[in-house]
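What follows is calculated from the coordinates using simple rules that are stated; it is not laboratory data. Values in this document were obtained by computation on a predicted structure and should not be read as measured data. Please note: Cβ atoms are built from the backbone with ideal geometry, for glycine as well, and neighbour counts cover all protein chains shown.
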Amino acid sequence: FHTHFAYPVTTGMAFNRSLWRVTGEAIGREARALMNAGKAYSTLWTPVVNLARDPRWGRNVEVPGEDPFLTGEYASSFISGLQNKQGGFLQASACCKHFVANELEKTTQLDGEEYDRRHDNAQVTERDLLDSYLPPFEACVRAGVSGLMCSYNSLNGVPACASKELLDTAKSWGFDGYVTSDCDADRNVYNTHKYAATRAEAVCDCV
């Protein structure tokens, strides 16, 4: 059994850091208990710290809101509770996602043209990156998050999972954890984004 909590978009509206922390702490404790019982693992792909910028995005319920500061504060408190680091050990491992500018699942235009997250090339200005999209992830790193998940989309022509610039940015904040791709997002570097000429080159780009 496990506890069901309100969606992040709901708890985000509470503007309550204590609530965010104890929610994370409870989730981490149950994950650790299930792992100890051999029924689960304690590495969790949460929190989602993308921004709710478009009401048509189907995953708005997974994020705390549209504001970068709010989202960063939520992430910091939630991670602190979930990981609950004591004596050099983590209760559970948090992984902030989706790094970065991932706010599209699939859409069909009036002329029938389709876009989806595996092909999307998010065009984001440097100012918007620095003001909006990167701060929540920086907050994750400052809070000591264990991992980051690179997203399906490209950012300004470079697949997120193959972006040395994004990794260097995370390191500049002090990131020293692991990076995982969204499910098969590393394959998209070759298959859908056509960024690498061969699969081998795609692997090199990702690592």
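Summary of computed values
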item	result
Shape category assigned to segment 144-186 from the gyration tensor of Cα positions, a/c cut at 1.5	oblate
Full-extension gain in nm, residue 116 to residue 203, via 0.36 nm per residue minus C-alpha separation	29.1 nm
Volume of the Cα convex hull of segment 1-108, divided per residue and given in Å³	114 Å³
Mean separation of Cα contacts under 8 Å, 6 or more apart, over the residue count of the chain: relative contact order %	19 percent
Alpha-carbon Rg with Dmax, taken over segment 50-169, Å	15.3, 58
Gain upon complete extension [residue 18, residue 37; 0.36 nm per residue less C-alpha separation]	4.0 nm
In nm, spacing of pseudo-spin labels at residue 66 and residue 123 (7 Å Cα→C-beta vector)	2.2 nm
For residue 196, net neighbour charge (Lys/Arg +1, Asp/Glu -1) across residues whose Cβ lies under 14 Å away	+1
Quarter of Cα convex hull surface for segment 115-207, i.e. mean projection, nm²	5.8 nm²
In Hz, Karplus ³J(HN,Hα) per residue of segment 137-142 (6.51, -1.76, 1.60; θ = phi - 60°; x = Gly, Pro)	6, 4, 4, 4, 5, 4
Convex hull per residue volume in Å³, alpha carbons only, for segment 126-168	78 Å³
For residue 71, net neighbour charge (Lys/Arg +1, Asp/Glu -1) across residues whose Cβ lies under 14 Å away	-2
Net +/- balance of residues flanking residue 83 in space, Cβ distance below 12 Å, scoring K and R +1, D and E -1	+3
Computed lengthening from residue 172 to residue 194, 0.36 nm per intervening residue step minus Cα-Cα distance	5.1 nm
Centroid-to-centroid separation of segment 132-173 and segment 32-53 [C-alpha atoms, Å]	19 Å
Column: log10 I(q)/I(0), Debye, Cα scatterers of the chain, q = 0.08, 0.14 Å⁻¹	-0.28, -0.84
Residue-wise HN-Hα coupling along segment 169-181, computed from phi with Karplus coefficients 6.51, -1.76, 1.60 (Hz; x: Gly, Pro)	5, 4, 5, 5, 7, x, 5, 9, x, 9, 10, 10, 7
Highest to lowest packing among 2-10, 116-124, scored as the average C-beta count within 10 Å	116-124, 2-10
Whole-Hz couplings from phi, Karplus 6.51/-1.76/1.60, listed for segment 31-43; x for Gly and Pro	4, 5, 5, 5, 5, 4, 8, x, 10, 6, 10, 10, 9
Set 97/194; 39/164; 39/106; 39/85; 39/171 screened for pairs whose C-alpha atoms are more than 28 Å apart	39/164; 39/106; 39/171
